[in-house]
Amino acid sequence: MASTGLIDFHAHFVTGEYVAVARAAGVEQPDGMPGWPAWSAEAHLELMDRGGIGRSYLSISSPGVHFGDDAAARALARDVNEFGAAVRSRRPERFGHFAALPLPDVDGARAEAAYALDTLGADGIVVESNHHGMYLGDGRLEPLWEDLDRRGALVFVHPTSPPHAESVALGRPRPMLEFLFDTARTAADLVFNGVLVRYPRIRWLLTHGGGVLPLLADRMDMFRAAFPMGAAPDAPTVTSQLRRLWYDMAGTPFPRQIPALDAAFGTGRLVYGSDYCWTPAAAALAQIAAVDAAPPPPDADTDTDTDTWRDLTTRNAHELTGGAR
């Protein structure tokens with residue numbers, strides 16, 4: 001293992017039951033991908049050891065656990081959350097767990113969040129960028145955000161396909177482009193509906209360096225100044241609100257994504273993410289090699305060679321997880 005073990009906030013698992021339920025609902029090519037990945041704790045640990053990853057926070061990825069029926073979604077959320085909690089309890093030094101919620105069923109989500117955090121000891125919650133077209137600034141989600149703000153919860157926002165994805169994705173896998181756009185879309189919804197201001201104790205974590213957000217923050221500020229869009233006139237600027245969020249570097253962080261994030265929001269809230277098991281092990285290891293080979297962070301101590309991207313993201317990770325749960 002490398003001298004500084006990475007802390008992976010963007011790590012996924014699947015279970016046989018979860019995949020079976022999804023397939024029964026007709027989901028054979030989730031988000032336009034060729035099929036479902038395989039996962040085991042043993043294979044995940046092998047990847048972690050090879051890549052120098054000290055700890056991975058496991059979560060269910062898109063398409064989530066809701067396939068059209070609230071009761072079935074509640075049962076599936078409970079099943080995968082108890083599975084994830086069991087993996088964590090067997091190897092707590094290597095695995096953490098973010099609990100899935102049966103959104104857009106808000107009542108079910110509130111109940112599952114309480115159970116996951118209070119009974120299972122989950123490290124946080126995972127939500128999608130939209131849930132069947134319900135974006136995260138939607139007023140129906142206010143009771144859930146109130147609960148999670150009161151707890152100071154960590155909320156991992158994973159992108160998913162936008163509504164009518166088949167029309168806009170042009171037959172291509174949605175993670176390639178649409179996930180990055182949908183992250184920006186839901187972040188804008190959180191900003192313009194005032195959610196980030198009303199619930200400042202939630203620790204929001206966005207993926208893939210914020211997607212296209214670094215390129216759009218100034219444009220969002222310009223439009224907010226020119227056209228009333230619901231946000232309070234005295235609310236902080238879009239850019240200042242987005243600087244308070246956390247971002248992982250899953251995907252293709254170098255040579256362009258992380259420098260763009262740094263220019264827009266800085267790297268003081270940047271953490272590592274692999275996207276395994278949806279990203280195959282070989283690709284995850286290639287990404288780690290690119291991170292280790294990248295020029296050091298802009299303010300690194302190059303004389304002592306002690307501040308690498310591993311050091312920076314791990315230091316940030318301890319700050320992110322040190323907040324109240």
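The values are calculated or read from the model by the stated rules, or taken from the named source; none is laboratory data. The model shown is predicted, which means the values in this text are computed figures rather than measured ones. Counting neighbours? That spans all protein chains shown, and the Cβs are built from the backbone with ideal geometry, glycine included.
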Handout entry: Every residue from segment 156-171 that is out of contact with any Leu (no Cβ under 6 Å at 6 or more places or on another chain), outside any loop (DSSP other than H, G, I, E, B) and either closer than 19 Å to SER56 by Cα or not acidic (Asp, Glu) (or both)
Key = HIS158, ALA165, SER167, VAL168
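Kindly establish whether VAL19 is within 28 Å of SER167 (Cβ to Cβ), modelled with pLDDT of 95 or more and surrounded by fewer than 20 Cβ atoms within 10 Å (Cβ to Cβ). Walk me through how you get there before you give the answer.
Values: within 28 Å of SER167 (Cβ to Cβ): yes; modelled with pLDDT of 95 or more: yes; surrounded by fewer than 20 Cβ atoms within 10 Å (Cβ to Cβ): yes.
In short, yes.
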Exercise for the section: Give LEU58, LEU47, LEU76 a once-over and let me know the one that is among the hydrophobic types (A, V, I, L, M, F, W, C) and touching a Lys or Arg at 6+ places or on another chain (Cβ under 8 Å). Expected result: LEU58
Exercise for the section: Considering each residue of segment 230-251, count those that are in contact with a helix residue (DSSP H, G or I) (Cβ under 7 Å, 6 or more places away or on another chain) and part of a helix (DSSP H, G or I), and give that number. Expected result: 5
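Return the only residue of VAL126, VAL155, VAL168, VAL106 being touching a helix residue (DSSP H, G or I) at 6+ places or on another chain (Cβ under 8 Å), under 27 Å from ALA41 (Cβ atoms) and β-branched (Val, Ile, Thr). Explain how you work it out, then say what you get.
Working: VAL126 fails: touching a helix residue (DSSP H, G or I) at 6+ places or on another chain (Cβ under 8 Å); VAL168 fails: under 27 Å from ALA41 (Cβ atoms); VAL106 fails: under 27 Å from ALA41 (Cβ atoms).
Answer to the selection: VAL155.
Being more than 22 Å from ARG140 (Cβ to Cβ), buried (at least 22 other Cβ atoms within 10 Å of the Cβ), in contact with a strand residue (DSSP E or B) (Cβ under 9 Å, 6 or more places away or on another chain) and at pLDDT 95 or above is the requirement here; does LEU213 meet it?
yes
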Fill in the blank from the handout: By residue number, the members of segment 117-147 that are within 12 Å of VAL106 (Cβ to Cβ) and outside any loop (DSSP other than H, G, I, E, B) are VAL127, HIS131, MET134, GLY139, ARG140, LEU141, GLU142, PRO143, LEU144, TRP145, GLU146, ASP147
Practice task
Report, by residue number, each residue of segment 207-229 that is under 19 Å from the mean Cα position of the chain (by Cα), outside any helix (DSSP H, G or I) and not hydrophobic (A, V, I, L, M, F, W, C).
Solution key: THR207, GLY211
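Can you confirm whether LEU205 is buried (at least 20 other Cβ atoms within 10 Å of the Cβ), under 17 Å from LEU270 (Cα atoms) and of a type outside the set (Phe, Trp, Tyr)? Steps first, answer last, please.
On the way: buried (at least 20 other Cβ atoms within 10 Å of the Cβ): yes; under 17 Å from LEU270 (Cα atoms): yes; of a type outside the set (Phe, Trp, Tyr): yes.
Yes; evaluated as a whole, the condition is true for this residue.
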Exercise for the section: Tell me which residues, restricted to segment 62-93, are of a type in the set (A, V, I, L, M) and assigned to a helix (DSSP H, G or I). Expected result: ALA71, ALA72, ALA73, ALA75, LEU76, ALA77, VAL80, ALA85, ALA86, VAL87
Fill in the blank from the handout: Just one listed residue, out of GLY16, GLY64, GLY26, is out of contact with any strand residue (DSSP E or B) (no Cβ under 7 Å at 6 or more places or on another chain) and on the phi > 0 side of the Ramachandran plot, and it is GLY26
Exercise for the section: Taking GLU112 as the residue in question, decide whether it is surrounded by 23 or more Cβ atoms within 10 Å (Cβ to Cβ) and within 17 Å of the chain's Cα centre (by Cα). Expected result: no
